[in-house]
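Written out below as structure tokens is the structure these notes cover.
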Amino acid sequence: MRILKGLSEQNRNKRATLIQKYIRGTLGRKFFCKTMKETIIEPNLQYLTDITRRAHENSQIIIRYHWKRYLARKAAKKAKKAAATAAANQKNKFGGRSTNASKNKNKK
């Protein structure tokens, strides 16, 4: 009986030690994760958020710059086309010939 009683006490101690081991490990991991979050993750997350915000602002500036350049090129092309159309209309006033063409024809 005493032997069984001793084994029972030993088993109980082993089981209690095993439970304590898992609980201490869990509490240690919780403490470690909390400490890591406060000291490393949150400052880096703030840094990455700031970098993302600045990159977004810079991309907006670059897009606006290229859009304005595109509009300027488009307006210049339209003005050039209007000037060419006006010149063609000017030629048509003189019966389809320009004044320079008439002078060159008379020289021959």
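Observations
- In nm, spacing of pseudo-spin labels at ILE62 and GLN46 (7 Å Cα→C-beta vector): 2.8 nm
- Prolate/oblate/rounded call for the stretch 3-95, Cα gyration tensor, a/c under 1.5 rounded: prolate
- ASN92 versus PHE32: modelled label distance in nm, points set 7 Å from Cα along the beta carbon direction: 8.5 nm
No lab work stands behind these numbers, since they all come straight from the coordinates. Note that the structure is predicted; figures quoted are calculated from it, not measured. A quick note on method: Cβ atoms are made from the backbone with ideal geometry, for glycine too, and the neighbour counts reach across all protein chains shown.
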